[in-house]
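Undergrad: So that we are looking at the same thing, I have put the structure below in structure tokens.
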Amino acid sequence: MKKFKKQNLIKPLMLVFMFVGLLSSCSDEEENDMVSSGPPVIESVSRAEAGDLTPITIGYANNMYIIQGSGFASVEKIYFNDTDTYFNPALVTDNTIFVTIDQNTPYENASSILKVVTANGTVTYQFVVAPPAPQVTRGFQPVNANEGDQVTIYGNFFLDPIVTFGSIEATIVSNTLTEIVAIVPAGAQNKYLTVTTISGESSWGTAVGTSIYDDNFYGAWDIPAWNNHEYLTDPENAYQGETFIHKEISGWDNIQSEWIWDDQISAYTGVRFAVKSDTPGTLIFLFNGNYWGDETRAFDTTTEWQVVSYSWEELGGMPDGVQNISFQEFSGESHNYYFDDFSYTVD
């Protein structure tokens, strides 16, 4: 049985009360059933939120707004960025219109004009329909980039973006709504990337220069061929970049990396990775050969990517070096497991 939260009912009721309040504030002419016969005038636009009629000039699709002014009683059409927008006549007075911006309203290369058409004329008003907040969905490539290198950032809603590494702004070479090419600035090593637009910001959890595996292994890191694993290039299903690791692991079996010696880890605080499985499974993270069969170290996997991280403290204290990263299947059943975005963590 569905449980309805009180807040789901409160907001519509508050809007109704707001609308009633606006009706009660109408002019004496309206109270005498008189409306303006002149052309429409837009005085302000505000969010349809109880207690907040602050004028704004930026709105978002799928959100309701209040247009205030005069001459609206005979409204025929409303347009945001030249998109014919539905309105409920019951939510219109001569001075007020409640309207929701259509979800398909364009925001790239758009007019940024609100237009209200009535029987007595048309009025336009400068109003920006902004995109949703940016989303960095598949990180950036290559993670281990140096100063002056170009990186490609994958995501969505990248309209007029600003890219920073920590607090250092990067130069953008090119961008579309889904990809940004930026130049790594000086001082970006071990910094996290953030994309900011007019609508908000989005960061990525892997810092520059910390990757063990993005779409490739770095340094001596690798997975020996005898593991019978494979690399899948599938951007639509990758967690990071375009390529990720797959192995069908039988119950209690494992997947092992090479045994190496990486002691250049003083700047790092731990390790992290992304993992999923085709059906719910269980794995143990084996670090430097430790924790085989240790059920207290087991974690569950699902069909959705999840990021798992361990601090050095959780792994027994700051190691002299990182030698091996492996996984033991611990559900006792065979599952297809997928791994991506192995990296070190930083503060």
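The values are calculated or read from the model by the stated rules, or taken from the named source; none is laboratory data. Source: prediction; values computed, not measured. Counting neighbours? That spans all protein chains shown, and the Cβs are built from the backbone with ideal geometry, glycine included. For the accessible areas, the whole protein counts, side chains as well, though only heavy atoms, and no ligand, DNA or RNA atoms are used. Shrake-Rupley method; radii C 1.70, N 1.55, O 1.52, S 1.80 Å.
Undergrad: Looking at GLY205, GLY209, which one is under 24 Å from VAL308 (Cβ atoms) and surrounded by fewer than 18 Cβ atoms within 10 Å (Cβ to Cβ)?
TA: GLY205
Undergrad: Restricting the search to the range 244-277, which residues are closer than 30 Å to ILE180 by Cβ and free of Cβ contacts under 8 Å to residues at least 60 places away in the same chain?
TA: Hit for the range 244-277 is GLN264, nothing else.
Undergrad: Against the definition (exposed (fewer than 13 other Cβ atoms within 10 Å of the Cβ), among the charged types (D, E, K, R) and within 31 Å of the chain's Cα centre (by Cα)), how does GLU242 come out, yes or no?
TA: no
Undergrad: Hey, another quick one. Could you check the range 147-175 and list, in sequence order, the residues that are open to solvent by less than 40 Å² (accessible area, probe 1.4 Å) and hydroxyl-bearing (Ser, Thr, Tyr)?
TA: THR152, TYR154, THR164, listed by residue number.
Undergrad: Now a separate question. Residue under question is ASN228, and the condition is that it be more than 13 Å from TYR338 (Cβ to Cβ) and either among the β-branched types (Val, Ile, Thr) or in contact with a Lys or Arg (Cβ under 8 Å, 6 or more places away or on another chain) (or both); does it hold?
TA: yes
Undergrad: ILE325: open to solvent by less than 20 Å² (accessible area, probe 1.4 Å), in contact (Cβ under 8 Å) with a residue 40 or more places away in the chain and either farther than 24 Å from ALA207 by Cα or basic (Lys, Arg) (or both), yes or no?
TA: No.
For (1) surrounded by fewer than 14 Cβ atoms within 10 Å (Cβ to Cβ); (2) in contact (Cβ under 8 Å) with a residue 12 or more places away in the chain; (3) part of a strand (DSSP E or B), each residue gets a yes or a no:
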position	(1), (2), (3)
THR279	yes, yes, no
THR282	no, yes, yes
GLY293	yes, yes, no
THR296	yes, no, no
THR303	yes, yes, no
TYR337	no, yes, yes
ASP340	no, yes, yes
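Undergrad: Please go through the range 182-202 and give me each residue that is touching a Ser or Thr at 6+ places or on another chain (Cβ under 8 Å), among the β-branched types (Val, Ile, Thr) and open to solvent by less than 30 Å² (accessible area, probe 1.4 Å), ordered by number.
TA: THR194, VAL195
Undergrad: Would you tally the residues in the range 113-146 being part of a loop (DSSP other than H, G, I, E, B), surrounded by fewer than 19 Cβ atoms within 10 Å (Cβ to Cβ) and small (Gly, Ala, Ser)?
TA: 2
Undergrad: In this structure, is GLY317 over 20 Å from TYR231 (Cα atoms) and either open to solvent by less than 30 Å² (accessible area, probe 1.4 Å) or in a strand (DSSP E or B) (or both)?
TA: Considered against the rule, which asks whether it is over 20 Å from TYR231 (Cα atoms) and either open to solvent by less than 30 Å² (accessible area, probe 1.4 Å) or in a strand (DSSP E or B) (or both), GLY317 comes out as yes.
Undergrad: Of all the residues that make up the range 147-179, how many are of a type in the set (Val, Ile, Thr) and not in a strand (DSSP E or B)?
TA: Residues in the range 147-179 being of a type in the set (Val, Ile, Thr) and not in a strand (DSSP E or B): 2 in total.
Undergrad: Please find, within the range 305-314, the residue that is nearest to the chain's Cα centre (by Cα) out of those that are under 27 Å from ASN336 (Cβ atoms) and open to solvent by less than 40 Å² (accessible area, probe 1.4 Å).
TA: Filtering first and then ranking leaves VAL308.
Undergrad: Have a look at ASP215, ASP222 and point out the one that is of a type outside the set (Gly, Ala, Ser), closer than 14 Å to ILE245 by Cα, open to solvent by 50 Å² or more (accessible area, probe 1.4 Å) and in a loop (DSSP other than H, G, I, E, B).
TA: ASP222
Undergrad: OK, next. Out of curiosity, is SER257 surrounded by fewer than 17 Cβ atoms within 10 Å (Cβ to Cβ) and either under 24 Å from ALA145 (Cβ atoms) or in contact with a Phe, Trp or Tyr (Cβ under 7 Å, 6 or more places away or on another chain) (or both)?
TA: Answer is no for this residue.
Undergrad: Can you list residue pairs whose Cβ atoms sit under 8 Å apart, with the first residue in the range 109-131 being closer than 24 Å to GLU201 by Cα and free of Cβ contacts under 8 Å to residues at least 60 places away in the same chain and the second being assigned to a strand (DSSP E or B) and open to solvent by less than 20 Å² (accessible area, probe 1.4 Å)? Count only pairs 6 or more apart in sequence or on different chains.
TA: If the second residue must be assigned to a strand (DSSP E or B) and open to solvent by less than 20 Å² (accessible area, probe 1.4 Å), the pairs left are ALA110/VAL129; SER112/VAL129.
Undergrad: For LEU286, all conditions in the list (1) touching a residue at least 60 places away in the same chain (Cβ under 8 Å); (2) assigned to a strand (DSSP E or B) hold save one; what is the number of the exception?
TA: Going through (1) touching a residue at least 60 places away in the same chain (Cβ under 8 Å); (2) assigned to a strand (DSSP E or B) one by one, LEU286 breaks only (1).
Undergrad: Wholly within the range 45-105, which strands (runs of 3 or more DSSP E) include no fewer than the required count, namely at least 3 residues that are open to solvent by 70 Å² or more (accessible area, probe 1.4 Å), within 26 Å of PRO132 (Cβ to Cβ) and in contact (Cβ under 8 Å) with a residue 60 or more places away in the chain?
TA: Of the strands (runs of 3 or more DSSP E) lying wholly inside the range 45-105, none has at least 3 residues that are open to solvent by 70 Å² or more (accessible area, probe 1.4 Å), within 26 Å of PRO132 (Cβ to Cβ) and in contact (Cβ under 8 Å) with a residue 60 or more places away in the chain.
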